[in-house]
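Below is one structure; the comments refer to it alone.
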Amino acid sequence: MKVLMFVHTYYPNKDGIAVHCYNLVNALREEGVDVKVVNPRKSIRIPGLSSGILPDIESIDSALRGDYDIIHVHGYSNLFSVIGAIIGIIRGKKVVWTIHGIPDRHRLFHIYNAFAIHLLRRAKVISVSRKIERIHKNYTLIYNGVDLDRFRCNHPYKDNRIVTYIGRLDRDKGIERLIEEYSGEIEIVGSDEDGYKNQLISKARENVRFLEVDYDRINEVYCRSRYIVLPSRYEGFPMVMLESLAAERPFLATPVGEIPQFLEYVFGEGYRKYIIDRNIGEVIMRLDSMDLRDELRKAREKLQELSWKRVAKKTIEVYRDAMGR
């Protein structure tokens, strides 16, 4: 089968969807699937609107004229995926749609959803989180994958002092909250979104550093971190959660998306201590009184079930279902 991966972001971009698609495409190709990726570096961004990403004319032409059986779009609340789904329907191609997260506070989401939900119902839907059930019931749950060979550290987390955020510099990620509530050394690692970095810099102390790191070197960031913190307003199934646990670094997050369910899966009843349910500084102070090394090691062992090869095989099952095979 031939698949057109029609996605608004891709490696070397560093956001979660870009990394997901990069790893998925490589794993699909290893399984013998013919995958072509539309070049998202030529996409058009509407200033001030994080979801306002449009494909350029060349990408649209590739989707309208290309030779493929399935068009696979990613993300919800962005215009890029809607355009891809429309093109697939116009061409009579099968549409597979992966949902990575459902915005809870996006002011334009209800308008977007009123239109996009009709396209979603005509697609085969994959979701990384059960939160999709608030808008769509018929889907296949496939978690993100992780490369355990890539993410590995040779010293324990308590040897470090840096608290780290890794991800897009987006208003919904709660980065300002981290800066306000934790007074220690912080690294904020990620690419800028619509000039938001300048706002964060204006509020940051001297012990808050901003940097961008190529994905090939991101394991170095995990290994020098004491904690990875993600105080987002909404998520699906964040890549940084898997990568943190693979590196045996405590992952602290708000209870959004699939985060609570997955942390409970890897840690059991003790997962609640990793949930940001109060001031971030207080959560870190509480964890500093504990030795988490043994449970982090056991959590890493459970991640062996989440290889990208497994994700690719499950995705191929969805493709075959879409094709009626």
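The values are calculated or read from the model by the stated rules, or taken from the named source; none is laboratory data. Predicted model, so just to flag it, every value in this text is computed and none were measured. All Cβ positions, glycine included, derive from the backbone under ideal geometry; neighbour counts span all protein chains shown.
Just a few scattered comments:
Condition check ((1) surrounded by 22 or more Cβ atoms within 10 Å (Cβ to Cβ); (2) in contact (Cβ under 8 Å) with a residue 24 or more places away in the chain; (3) on the phi > 0 side of the Ramachandran plot) across all residues:
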| position | (1), (2), (3) |
| --- | --- |
| Pro12 | no, yes, no |
| Gly16 | yes, yes, no |
| Arg29 | no, no, no |
| Ile44 | no, no, no |
| Ser59 | yes, yes, no |
| Ile89 | no, yes, no |
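- The residues on offer are Pro260, Pro250, and the sole one that is at pLDDT 95 or above, closer than 15 Å to Arg226 by Cα, in contact with a Phe, Trp or Tyr (Cβ under 8 Å, 6 or more places away or on another chain) and not hydrophobic (A, V, I, L, M, F, W, C) is Pro250.
- Boolean, Glu258 is touching a Gly at 6+ places or on another chain (Cβ under 9 Å), surrounded by fewer than 16 Cβ atoms within 10 Å (Cβ to Cβ) and either charged (D, E, K, R) or farther than 24 Å from Pro12 by Cα (or both): no
- Considering region 171-193, and only residues there that are charged (D, E, K, R) and more than 23 Å from Arg278 (Cβ to Cβ), the residue that is modelled with the lowest pLDDT turns out to be Glu193.
- Any hit, region 262-275, residues being under 20 Å from Ser129 (Cβ atoms), touching a residue at least 12 places away in the same chain (Cβ under 8 Å) and assigned to a loop (DSSP other than H, G, I, E, B): no
- Filter result (in a helix (DSSP H, G or I) and buried (at least 18 other Cβ atoms within 10 Å of the Cβ)) within region 304-315: Trp308, Val311, Ala312, Thr315
- Filter result for Gly66 (more than 23 Å from the chain's Cα centre (by Cα), crowded, with 16+ Cβ neighbours inside 10 Å and in the same structural domain as Glu317 (by TED's automatic domain parsing)): yes
- Answer residue from region 276-288, given it is assigned to a loop (DSSP other than H, G, I, E, B) and surrounded by 13 or more Cβ atoms within 10 Å (Cβ to Cβ) and is farthest from the chain's Cα centre (by Cα) among those: Asn279
- Every residue from region 184-194 that is under 22 Å from Asp214 (Cβ atoms) and out of contact with any Gly (no Cβ under 7 Å at 6 or more places or on another chain): Ile186, Glu187, Ile188, Val189, Ser191, Asp192, Glu193
- Residue-level analysis places Ala114 among those that are surrounded by fewer than 18 Cβ atoms within 10 Å (Cβ to Cβ) and either among the aliphatic types (A, V, I, L, M) or closer than 24 Å to Leu263 by Cβ (or both).
- Residue check, Tyr11 within 21 Å of Tyr143 (Cβ to Cβ), out of contact with any strand residue (DSSP E or B) (no Cβ under 8 Å at 6 or more places or on another chain) and not in a helix (DSSP H, G or I): yes
- Glu269 charged (D, E, K, R) and within 18 Å of Gly16 (Cα to Cα): no
- Of the listed requirements (1) surrounded by fewer than 22 Cβ atoms within 10 Å (Cβ to Cβ); (2) more than 23 Å from Tyr76 (Cα to Cα); (3) in contact with a Leu (Cβ under 9 Å, 6 or more places away or on another chain), Tyr227 misses just one: (1).
- Leading residue by the ranking (nearest to Leu296 (Cα to Cα)) among those in region 233-245 that are more than 12 Å from the chain's Cα centre (by Cα) and either among the hydroxyl-bearing types (Ser, Thr, Tyr) or surrounded by 24 or more Cβ atoms within 10 Å (Cβ to Cβ) (or both): Leu245
- Of all residues making up region 160-174, the number that are of a type outside the set (Ser, Thr, Tyr) and touching a strand residue (DSSP E or B) at 6+ places or on another chain (Cβ under 8 Å): 9
- Selected residue (only one of Leu303, Leu287 is at pLDDT 95 or above, under 30 Å from Val96 (Cα atoms) and not acidic (Asp, Glu)): Leu303
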